[in-house]
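Have a look at the structure below before the remarks.
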Amino acid sequence: MTAIGSARSDAPTGLRRVAGRLRADRWATTGLVVIGLFVLAAVFAGPLTAISGQNPYTYHLDRLDDSGSPLGFGGGISPTHWFGVEPLTGRDLFAIVVFGSRTSLLVSVSATVLAVVVGVLVGITTGFFGGWYDRTLSRVIDVLFGFPSLVFMISLTAIVPTSFPKPLLIILVIGFFGWPSIARVVRGQTLSLRERNFVVASNAMGGGPWHIIAHQVLPNVSATIIVFATISIPSMIGVEAALSFLGVGVPPPTPSWGRTIGDAVTWVQTDPSYLVFPGAALFLVTLAFNVVGDGLRDALDPRRGVVSR
Amino acid sequence: MRTAGFVAYRIAGMLVVLLAIAAITYAIFYLLPTNPAQLSCGKPCTPENLARVERFMGYDLPWYQQFWDFLRGIVAGRTYGSGAGAVTCATPCFGYSFQLNTTVTDLIVSRFPVTASIAVGAAAVWLVVGVGSGVASALTRGSAIDRGIMTIAIAGVSAPSYLVGLLAILFFSFTLHLLPSGGYVAFGDDPLQWLGHLALPWFTLAFISGAVYARLTRGQMLEVMGEDYIRTARAKGLTERRVVVRHGLRNALIPVVTIFGLDLGGLLGGAVITEKVFSMQGLGALLIDAVHTLDLQVVVGFTLFAAFLIVLANFAVDLVYGLVDPRVKARV
Amino acid sequence: MSDRSAPVVLSVDGVSISFPGGAPEAGRPVVDRVSFELRRGRVLALVGESGSGKSVTAMSTLGLLPRNARVTGSIRLGNEELIGADPARLREIRGGRIGTIFQEPMSAFNPVLSIGAQIGEALRAHSKGLGRASVHAALVDLLASVGIDDARRVLRAFPHELSGGQLQRAMIAMAISGDPAVLIADEPTTALDVTVQAGILDLIRQLRDRSGLAVLLITHDMGVVADLADDVVVMRAGAVVERADVGTLFSRPTEEYTAALLAAVPRLDSLGTAGPGSDRVVIEDRAAEPPALATAASGHAAVTLTNVDVVYDRRGWRRTGTKAVDGVSLEIQAGRILGLVGESGSGKSTVGRAIAGLVPLAAGSIDVAGIDLGAASARALRTARARIGYVFQDPASSLNPRFTIEQSIGEPLRLHSSLDRAGQRTRVADLLDAVQLPADTAGRYQHELSGGQRQRVAIARAIALGPALLIADEPTSALDVSVQALVLDLLRELQGRLGFACLFISHDLAVVHELVDEVAVMHRGRIVESGAAALVLRSPADDYTRRLLAAAPVADPVDQRARREAWRALSLAPITSGVS
């Protein structure tokens, strides 16, 4: 049915058009705004918490009762402590959440950059050159892909000497387990691009492999890379928070949502707001990235989605 | 290629992978500057004591000898030390905890039922719910049902399991007093209690993956239903139900099987988190405790065990995949 | 064939179809008041170029259009109205009263179910309560009736294990399993090789005669129409242009569009008189010495292939190499066009790739413009490649979607010339002019162009460096005939003006015949016959060439009948050049 397929598979995927389609997507736009707010909060965490005169390190024991629970409504919410205070220490929860976004975004974005750089490099070269190089690395990717990575990460944090900076270790470990998925996607695309006539033509007219990779292949996978980076940030955020939740992530006193949530486990009955604020922040930023990623993917591939939520 | 050849090929590949994993795990954990003997020799750690512990644990040998002993231990068991103080570690030996004075294998075996109960149940829940709602969503594309399922799904993929778990405890345990907030009861002791204690962990762990599978299945289903052979099936005059199930779902599930194989590793990680949320003493708790007490033998042994387990499970999924998709064997 | 007053089985009356919503041209009918009648024992061909609405019309009779389609008018099967009919009744009709064959047999079968399961399913859907054994017996009979000999094996096989021809026969078996009155064949042979196509067309003809089927044939190929159709309806942009019986249409088309469409179809000469028997000598001759190329033309060779082997490695458990090209020797003189013809898998495209240095040689040597590709340094290889232009089949994938047309055409200039930016821009403008595209095309992207325009751009890129050799690999097979004619004209004009040698790879003998000076015929990696085009295509010496020629349908019902007879005679005759 040649006439019915009006949605063409080779429809334009230029970045400008994608941006246009994304703007028309109400949900994705909202997601972008939420992400923007979190980034702003992370960048201006100092001035933001200074408004109420707080920081995430100072103890306010006067805000607690004898058992260590915060005094007052909703975990001690007050004009000075907007989200209340932390049980046992009385540290300002708003400051912890705001500075926590800094940790979360820094770790996840760095790990994503690492994973994307390695993944794209491996994916394009394996797909393009093939042969033994491809077979070996593809097998490595397959194995790493199905690996109990969280177990490995937890173990590694115990093995690596304490002198090694922990945040850097977390970034390296998360990034290391993140690259196979993007390598696999990019490799698949490169494989099909390699068979496309414009790539063969470029080869036939004497373009060297790196010329072809840079000019023919890379521009055509860039859209995929952007989408992939967007949807891997929330999972990186999740892993960092999970490690911190389990007590093997970013070490205290550096604020981290995951650790705060982990600490909140024992307080969930007496002080639920200790869980709610960092939990809501984590959920919101993850949701925002996922929604934007979905929107990007639909914008790039008009055949998909149409109604995805 | 015949089925026997296909299986043999996969087994050979799996053995290579297992060996590579053992080598890499060994290299990472034993060549890093942290000295396991130092950690096990207690305080104060005199040089004589350290040397004795090193000899006992086999760390005085050259690295290749150590690696060989390590490998042989997995397939043939090994003995630490000699004489009266010798400790035997039966096959498969994944190491010996000098802090807990027991073999890692015994530790794993004692904790395994907890983790397996969580993981298997959760996987069953997420497959059924995820695939089911994905198909429902695809078939009612654009309707209120589709929107509803997809909205829950995107929220689901964005909600970390521990957050879901804590909220579930808050609601079902502390507010409604319906289910226990944690702990584990063995199936043999009381099946009903077993179920009661596992209901929340299953739901918690299945929520995020079920959401992922709902989205995946919906996408696959929509794609498959646009294929030429669906049109052929309709042109044959088959009922819509038969077209959807036999021609649509059957093909849409093929990538789902692949992803499921890859998710088994994540399932184990998820179980670790779930155990902490519901204070269950499973493998995850074992690992976390070992990390905090720096019991490296347990950490390494368990990591290797987990890797082996997942590779084996992947192998099983691969075979299933070969059954589901007749084209796979031709491609080997 | 029954006469034209045979009873009407299916009538389509004033049917219009539109797709509201979605596309920007929404609301405009895709099919506009189309009417025709299918009669018992007759084949009605629905002909048109892409976008004419012929497939949509056919699918509407089955009620298989997308949900958002709006269909008006009347479609009657016997006395029964199908538009708006009860879905359960429509299901009975689909596969029961109306059988359907689709274009791509490989994708029209479910990849994970065996052929037997899929045909059996169709059988059971329309005759409930059949036992296992009787279904199996019926399946074996069905497959035998469509000319499949090893029915038991085929029933157990999965689609990827069968050839396109076998699959299409199985598809036909499935279509007739419900003993239908109407058979809809939607481009049934477009994805198949000509020799396979001839067999499938013959089978459909037999079915028509044997069971009095009314056939609705949808095709873009005038040769197929001439071969099989009794009546023809020509469609364009959703509307019927002309309807006539097949003899009248081809000899006296009344509409200008029909005449133009027929004129655009490349022609083959009538088959030569060299019948079986007179060629024996030639074949023995050929066995004695490898096929040497006709060297009628004077001047030096632009490219010379000597005993070239290309082996594709099949990676995996057991490594088995397949010889894609086997001992091929060729020579193309400067300024001449050589047509390399053959069916899919014959290795003709691989020869082109080998000349461009895209696949390694297992044996033999290739000499391009005085450079031995096998022995050349990397630098010399680059120079050699600069002398070769390449044009591909699929215009959609020939151009980088992220490049402007100017960037695409300018790529060889950037790689090999010393022109500065302004110089390149001027050159690109000249090239666009040479391929008759407007100058403002330079700033556009490939998705903004039509298939024919894209192919012009690809040609401009190929001639950018003034090549010694142009390799054109099926450059027009993805295009409509009217567009094909224009592109062929352009190629001929450029070749005459610029004087490059050209390797024209094609499966279409008629196209080759229109364009080339010499022909080489490939079969299973070997060249079975070569020589001056006029000679080879009129009086072929080789058995395979003769079969190929006889199988190629021509757009003339009378001529085509003669070819069909020749093809039948040949397919019964013993085979001497390795056709199984």
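Please go through the range C:38-70 and pick out each residue that is surrounded by fewer than 18 Cβ atoms within 10 Å (Cβ to Cβ) and at pLDDT 90 or above. C:Arg40 - this is the single residue of the range C:38-70 that is surrounded by fewer than 18 Cβ atoms within 10 Å (Cβ to Cβ) and at pLDDT 90 or above. Checking each residue in the range A:58-90 for being closer than 15 Å to A:Thr260 by Cβ and touching a Phe, Trp or Tyr at 6+ places or on another chain (Cβ under 6 Å) picks out A:Gly75, A:Phe83, A:Pro87, A:Thr89, A:Gly90. Please find, within the range C:428-448, the residue that is farthest from the chain's Cα centre (by Cα) out of those that are among the aliphatic types (A, V, I, L, M) and open to solvent by less than 10 Å² (accessible area, probe 1.4 Å). For the range C:428-448, the residue satisfying everything is C:Val428. Residues of the range B:149-175 that are more than 7 Å from chain A (Cβ to nearest Cβ) and farther than 20 Å from A:Gly238 by Cα: B:Ile149, B:Phe171, B:Phe172, B:Ser173, B:Thr175.
Determine whether B:Ala186 is open to solvent by less than 40 Å² (accessible area, probe 1.4 Å), among the small types (Gly, Ala, Ser), at the interface with chain A (Cβ under 10 Å from one of its Cβ atoms) and touching a residue at least 12 places away in the same chain (Cβ under 8 Å).
On the way: open to solvent by less than 40 Å² (accessible area, probe 1.4 Å): yes; among the small types (Gly, Ala, Ser): yes; at the interface with chain A (Cβ under 10 Å from one of its Cβ atoms): no; touching a residue at least 12 places away in the same chain (Cβ under 8 Å): yes.
No: the conditions fail for B:Ala186.
Pairing residues of the range C:216-228 that are farther than 15 Å from C:Ala175 by Cβ and assigned by TED's automatic domain parsing to the domain that holds C:Leu203 with residues that are at pLDDT below 90 and small (Gly, Ala, Ser), at Cβ distances under 6 Å and at least 6 apart in sequence or on separate chains, gives C:Met222/C:Ala555; C:Gly223/C:Ala555; C:Ala226/C:Ala555.
If the requirement is being of a type in the set (Gly, Ala, Ser), farther than 21 Å from B:Thr115 by Cβ and assigned by TED's automatic domain parsing to the domain that holds B:Ala124, which of these qualifies: B:Gly182, B:Gly219, B:Gly210, B:Gly188?
Details: B:Gly182 fails: farther than 21 Å from B:Thr115 by Cβ; B:Gly210 fails: farther than 21 Å from B:Thr115 by Cβ; B:Gly188 fails: farther than 21 Å from B:Thr115 by Cβ.
Being of a type in the set (Gly, Ala, Ser), farther than 21 Å from B:Thr115 by Cβ and assigned by TED's automatic domain parsing to the domain that holds B:Ala124 holds for just one of B:Gly182, B:Gly219, B:Gly210, B:Gly188, which is B:Gly219.
Restricting to the range C:26-37, count the residues that are within 11 Å of chain A (Cβ to nearest Cβ) and open to solvent by 10 Å² or more (accessible area, probe 1.4 Å). Residues flagged as within 11 Å of chain A (Cβ to nearest Cβ) and open to solvent by 10 Å² or more (accessible area, probe 1.4 Å) within the range C:26-37 amount to 2. Within the range C:38-60, which residues are more than 11 Å from chain A (Cβ to nearest Cβ) and within 26 Å of the chain's Cα centre (by Cα)? Selection gives C:Arg42, C:Val43, C:Leu44, C:Ala45, C:Leu46, C:Val47. If you go through the range A:141-163 and keep only what is more than 8 Å from chain B (Cβ to nearest Cβ), touching a residue at least 24 places away in the same chain (Cβ under 8 Å) and farther than 15 Å from B:Ala20 by Cβ, you end up with just A:Met153. Taken as a whole, the range B:117-139 holds no residue that is open to solvent by less than 10 Å² (accessible area, probe 1.4 Å), of a type outside the set (Gly, Ala, Ser) and within 12 Å of another protein chain (Cβ to nearest Cβ).
Return a yes/no flag: does the range B:142-153 have any residue that is open to solvent by 10 Å² or more (accessible area, probe 1.4 Å) and part of a loop (DSSP other than H, G, I, E, B). Yes; the residues of the range B:142-153 include at least one that is open to solvent by 10 Å² or more (accessible area, probe 1.4 Å) and part of a loop (DSSP other than H, G, I, E, B).
Tell me which residues, restricted to the range C:106-155, are assigned to a loop (DSSP other than H, G, I, E, B), away from chain B (no Cβ under 14 Å) and open to solvent by 20 Å² or more (accessible area, probe 1.4 Å). Even if it seems obvious, please write down each step before you answer.
Just the residues of the range C:106-155 that are assigned to a loop (DSSP other than H, G, I, E, B), to begin with: C:109-114, C:127-131, C:146-150.
Retained after the next criterion (residues that are away from chain B (no Cβ under 14 Å)): C:129-131, C:146-150.
C:Gly129, C:Leu130, C:Gly131, C:Gly147, C:Asp149, C:Asp150, listed by residue number.
The residue that is farthest from C:Ser163 (Cα to Cα), counting only those in the range C:189-211 that are open to solvent by 10 Å² or more (accessible area, probe 1.4 Å) and assigned to a loop (DSSP other than H, G, I, E, B), is C:Thr190. Restricting C:Ala472, C:Ala468, C:Ala460, C:Ala485 to residues that are closer than 19 Å to C:Gln424 by Cβ and either modelled with pLDDT of 90 or more or surrounded by fewer than 24 Cβ atoms within 10 Å (Cβ to Cβ) (or both) narrows the list to C:Ala460.
I need the full set of residues from the range B:154-170 which are in contact (Cβ under 8 Å) with a residue 40 or more places away in the chain and either in contact with a Pro (Cβ under 6 Å, 6 or more places away or on another chain) or assigned to a helix (DSSP H, G or I) (or both), in order please. Break it down stepwise before answering.
Within the range B:154-170, the first condition is being in contact (Cβ under 8 Å) with a residue 40 or more places away in the chain, and the residues that meet it are B:154-157, B:159-162, B:164-166, B:169.
Answer for the range B:154-170, where residues must be in contact (Cβ under 8 Å) with a residue 40 or more places away in the chain and either in contact with a Pro (Cβ under 6 Å, 6 or more places away or on another chain) or assigned to a helix (DSSP H, G or I) (or both): B:Ile154, B:Ala155, B:Gly156, B:Val157, B:Ser161, B:Tyr162, B:Val164, B:Gly165, B:Leu166, B:Ile169.
Scanning the range C:544-565 for residues that are open to solvent by 30 Å² or more (accessible area, probe 1.4 Å) and of a type in the set (A, V, I, L, M), we see that the one that is nearest to C:Arg252 (Cα to Cα) is C:Val558. Scanning the range C:410-425 for residues that are open to solvent by less than 80 Å² (accessible area, probe 1.4 Å) and assigned to a helix (DSSP H, G or I) gives C:Gly410, C:Glu411, C:Pro412, C:Leu413, C:Leu415, C:His416, C:Ala422, C:Gly423, C:Gln424.
Restricting B:Ser173, B:Ser133, B:Ser209 to residues that are in a helix (DSSP H, G or I), closer than 30 Å to C:Phe109 by Cα, among the small types (Gly, Ala, Ser) and touching a residue at least 12 places away in the same chain (Cβ under 8 Å) narrows the list to B:Ser133.
Please indicate, with yes or no, whether at least one residue in the range A:167-184 is more than 9 Å from chain C (Cβ to nearest Cβ), in contact with a Pro (Cβ under 9 Å, 6 or more places away or on another chain) and either of a type outside the set (A, V, I, L, M, F, W, C) or in contact (Cβ under 8 Å) with a residue 12 or more places away in the chain (or both).
Filtering the range A:167-184 down to residues more than 9 Å from chain C (Cβ to nearest Cβ) leaves A:167-184.
Okay, now just the ones that are also in contact with a Pro (Cβ under 9 Å, 6 or more places away or on another chain), so A:167.
Imposing the further condition that a residue be either of a type outside the set (A, V, I, L, M, F, W, C) or in contact (Cβ under 8 Å) with a residue 12 or more places away in the chain (or both) reduces the set to A:167.
The answer is yes, given that some residue of the range A:167-184 is more than 9 Å from chain C (Cβ to nearest Cβ), in contact with a Pro (Cβ under 9 Å, 6 or more places away or on another chain) and either of a type outside the set (A, V, I, L, M, F, W, C) or in contact (Cβ under 8 Å) with a residue 12 or more places away in the chain (or both).
If you check A:Pro234, A:Pro272, A:Pro253 for being out of contact with any helix residue (DSSP H, G or I) (no Cβ under 8 Å at 6 or more places or on another chain) and either facing another protein chain (nearest Cβ under 9 Å) or surrounded by fewer than 24 Cβ atoms within 10 Å (Cβ to Cβ) (or both), only one passes: A:Pro253.
Quick one: in the range B:65-80, which of the residues that are touching a strand residue (DSSP E or B) at 6+ places or on another chain (Cβ under 9 Å) and open to solvent by 30 Å² or more (accessible area, probe 1.4 Å) is farthest from B:Ile21 (Cα to Cα)?
Within the range B:65-80, the first condition is being touching a strand residue (DSSP E or B) at 6+ places or on another chain (Cβ under 9 Å), and the residues that meet it are B:69-70, B:72-73, B:77-80.
Now narrow it down to the ones that are open to solvent by 30 Å² or more (accessible area, probe 1.4 Å): B:72, B:78-79.
On the way: B:Arg72: 15, B:Arg78: 20, B:Thr79: 23 Å.
Residue satisfying both the conditions and the ranking: B:Thr79.
All of B:Leu253, B:Leu249, B:Leu268 fail the test of being closer than 30 Å to C:Ala117 by Cα, at pLDDT below 90 and hydrophobic (A, V, I, L, M, F, W, C), apart from B:Leu253.
C:Gln424 meets each of the listed conditions (1) touching a residue at least 12 places away in the same chain (Cβ under 8 Å); (2) closer than 17 Å to A:Ala201 by Cα apart from (2). None of A:Ile182, A:Ile174 is closer than 19 Å to A:Thr103 by Cβ, outside any loop (DSSP other than H, G, I, E, B) and open to solvent by less than 10 Å² (accessible area, probe 1.4 Å) except A:Ile174. For the range C:229-248: of the residues being in a helix (DSSP H, G or I) and touching a residue at least 24 places away in the same chain (Cβ under 8 Å), which is farthest from C:Ala214 (Cα to Cα)? Result: C:Gly247.
The values are calculated or read from the model by the stated rules, or taken from the named source; none is laboratory data. These numbers were taken from a predicted model, which means no experiment stands behind them. Counting neighbours? That spans all protein chains shown, and the Cβs are built from the backbone with ideal geometry, glycine included. Please note that ligands, DNA and RNA were not included when accessible areas were found on the heavy atoms of the full protein model with its side chains. Shrake-Rupley method; radii C 1.70, N 1.55, O 1.52, S 1.80 Å.
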